[in-house]
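Q: Sending over a structure as structure tokens; questions will come in a sec.
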Amino acid sequence: MPGFSLEGFADDIFAAKTKEYFREVLSSYQNENYRSSVVMLWSVAVCDIIYKLEYLIDVYRDATATEIINEMTRIQAQEPFSSAWEIKLIEDTFSKTRLLDAPEYENLKFLQKQRHLSAHPVLTQERELHAPNRETVRSLLRNTLEGLLIKPPFYTQHILNEMLADLAEHRDALNDRHKVKAYVESRYLRRFKPTVETSIFKSLWKLTFKLENAECNANRRINLDVLEAISDRQAGRLEEIIRAEQEYFSNVAADGAPLRFFVYYLSKHPTLHALLSDAAKLRVQHGIATDSAAKIASWFVKTELSDHFADLLQWIESDDYPRLDDEQLKVMVEIEDSPEWQQWACKLLGAYYGASAGFNSADVRFASAIEPYLHLFDEDALIFTLERVERNRQTYGRGSARIDHMGVKSRLLAINHDFDFTPYPNFSRRLDAEE
């Protein structure tokens, strides 16, 4: 991992006592007392496992954790001067819980061997004490930090419940996808094993795209943002994950908000659409046909992006008279990050304003569709908009047009200071009067 910092990861240690003890390990390492560092690291690892098991007992009354702790106590009582309980503790935690995976278990076994060499008078042929080198000790520190110390003492279902409750509590503060991504990566995702992350992904998939109840509805947006964060992290494996359990990931809602969110998600991950079952594809088609938000995001079912532009333009200017909210307009602008789509999106915004059916409607549409995005309009998109304003009195005849259209004129002149407004007398009339 580029830029890995022992000190930085030490700050993420879950248990407060472990964090305190690890400072001593780190201090020994930094002062080149490598034997002491290894000996203390083993003690810290064993203590950390005990703290995690006790956490599971205290918070979840976990029967397996209770069994392991009771067995450890029994061995200590029978053999008070033996360290056999330490190995037994590691083995039971690995075999009976999901706190340790096989690689982490092997790393701990290697750490125990290095601890034995460092703690006992094991002499080399030159009658010198065993001395682990800096690279070996750093590797032991890193593996123990990443594989054990920074990870929370949860099983998958515990993790999900804790995370969902935490996100719901902070939903108002985590009010955009970038904040959510930074939060869940720092607090959760970078601590998870890949198998746990995939399991969380599956659970969130169902909560976001299948279920509809008061709790799911309240948290659907933030759950989608977490799904997006995991999808970004798993980008190289995403298709493999979906393909491996096609039926599960194809089991989405037939309509409503879950399907709308699903179509939006597919717009960000278009290659996944082909991996769905035929039944799921039919549901997606139904959503696109019946839901404005889904229709806007449905570019991934078109052969060419230009086809999507043409379809949306026809729909916006049709007798259907669609009404789009701020979020839907934002999605339309962000469909693809390319100069070509930016121009098409601006033309769609101009068409939406140009299709206003009344003065009040035109006021609202200018404020939501033109003003926030005017800085994105190029000359082509502005001309396209002017042509539609010119033929609709509801846009050029309203009282606020004098002020609103001055901004459009300024944008055009900033791009082309010689622009000729003569072909657009209705647009220009009030502006000229003002001047």
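Q: Against the definition (within 18 Å of residue 146 (Cβ to Cβ) and in contact with a Lys or Arg (Cβ under 7 Å, 6 or more places away or on another chain)), how does residue 111 come out, yes or no?
A: Numbers: within 18 Å of residue 146 (Cβ to Cβ): yes; in contact with a Lys or Arg (Cβ under 7 Å, 6 or more places away or on another chain): no.
No; evaluated as a whole, the condition is false for this residue.
Q: What about residue 135, is it surrounded by 12 or more Cβ atoms within 10 Å (Cβ to Cβ) and either within 23 Å of residue 5 (Cα to Cα) or among the β-branched types (Val, Ile, Thr) (or both)?
A: Details: surrounded by 12 or more Cβ atoms within 10 Å (Cβ to Cβ): no; either within 23 Å of residue 5 (Cα to Cα) or among the β-branched types (Val, Ile, Thr) (or both): yes.
Judged against the criteria, residue 135 is not a match.
Q: Checking the condition closer than 30 Å to residue 94 by Cα and outside the structural domain of residue 104 (by TED's automatic domain parsing), which residue from 209, 201 passes? Walk me through how you get there before you give the answer.
A: Working: 209 fails: closer than 30 Å to residue 94 by Cα.
Of the residues listed, the single one that is closer than 30 Å to residue 94 by Cα and outside the structural domain of residue 104 (by TED's automatic domain parsing) is 201.
Q: Within the range 184-230, which residues are of a type in the set (Ser, Thr, Tyr) and touching a Phe, Trp or Tyr at 6+ places or on another chain (Cβ under 8 Å)? Reasoning before the result, please.
A: Here is the first cut: in the range 184-230, the ones of a type in the set (Ser, Thr, Tyr) are 186, 188, 195, 198-199, 203, 208.
Listed by number, the list holds a single entry, 208.
Q: Here is a further query. Can you find a residue that is farther than 23 Å from residue 230 by Cβ, crowded, with 19+ Cβ neighbours inside 10 Å, out of contact with any Lys or Arg (no Cβ under 7 Å at 6 or more places or on another chain) and not assigned by TED's automatic domain parsing to the domain that holds residue 330 anywhere in the range 284-297?
A: yes
Yes/no matrix, rows are residues, columns are (1) free of Cβ contacts under 8 Å to residues at least 12 places away in the same chain; (2) crowded, with 20+ Cβ neighbours inside 10 Å:
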site	(1), (2)
317	no, no
334	yes, no
393	no, no
408	no, yes
421	no, no
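Q: Within the range 339-360, is there a residue that is in contact with a Ser or Thr (Cβ under 9 Å, 6 or more places away or on another chain), touching a residue at least 40 places away in the same chain (Cβ under 8 Å) and not hydroxyl-bearing (Ser, Thr, Tyr)?
A: Yes, that holds for at least one residue.
Q: Only helices (runs of 4 or more DSSP H) wholly contained in the range 1-84 count here; list those with 3 or more residues that are surrounded by 18 or more Cβ atoms within 10 Å (Cβ to Cβ). Please lay out each step first, then the result.
A: On the way: elements: 6-10, 16-30, 34-60, 63-78.
Per the criteria, 16-30, 34-60, 63-78.
Q: Still on this structure, please answer the following. Against the definition (in contact with a Leu (Cβ under 8 Å, 6 or more places away or on another chain), within 24 Å of residue 309 (Cβ to Cβ) and part of a loop (DSSP other than H, G, I, E, B)), how does residue 336 come out, yes or no?
A: Details: in contact with a Leu (Cβ under 8 Å, 6 or more places away or on another chain): yes; within 24 Å of residue 309 (Cβ to Cβ): yes; part of a loop (DSSP other than H, G, I, E, B): yes.
Answer is yes for this residue.
Q: Look through the range 221-278, keep the residues that are of a type in the set (Ser, Thr, Tyr) and more than 15 Å from the chain's Cα centre (by Cα), and return whichever of them is surrounded by the most Cβ atoms within 10 Å (Cβ to Cβ). Steps first, please.
A: As a first pass, look at the range 221-278 and keep what is of a type in the set (Ser, Thr, Tyr): 231, 248, 250, 264-265, 267, 271, 277.
Now narrow it down to the ones that are more than 15 Å from the chain's Cα centre (by Cα): 248, 250, 267, 271, 277.
Numbers: 248: 12, 250: 16, 267: 20, 271: 11, 277: 14.
Among those residues, the one meeting the criterion is 267.
Q: Then there's this: Could you check, for the range 315-324, whether at least one of its residues is farther than 30 Å from residue 237 by Cβ, within 29 Å of the chain's Cα centre (by Cα) and outside any helix (DSSP H, G or I)?
A: Filtering the range 315-324 down to residues farther than 30 Å from residue 237 by Cβ leaves 315-324.
Imposing the further condition that a residue be within 29 Å of the chain's Cα centre (by Cα) reduces the set to 324.
Now drop any that are not outside any helix (DSSP H, G or I), which leaves 324.
Scanning the range 315-324, I find at least one residue that is farther than 30 Å from residue 237 by Cβ, within 29 Å of the chain's Cα centre (by Cα) and outside any helix (DSSP H, G or I), so the answer is yes.
The values are calculated or read from the model by the stated rules, or taken from the named source; none is laboratory data. Bear in mind that the values here come from a model prediction, so they are computed numbers and not experimental data. Because the Cβ atoms are built from the backbone with ideal geometry, glycine has one as well, and the counts that use them run over all protein chains shown.
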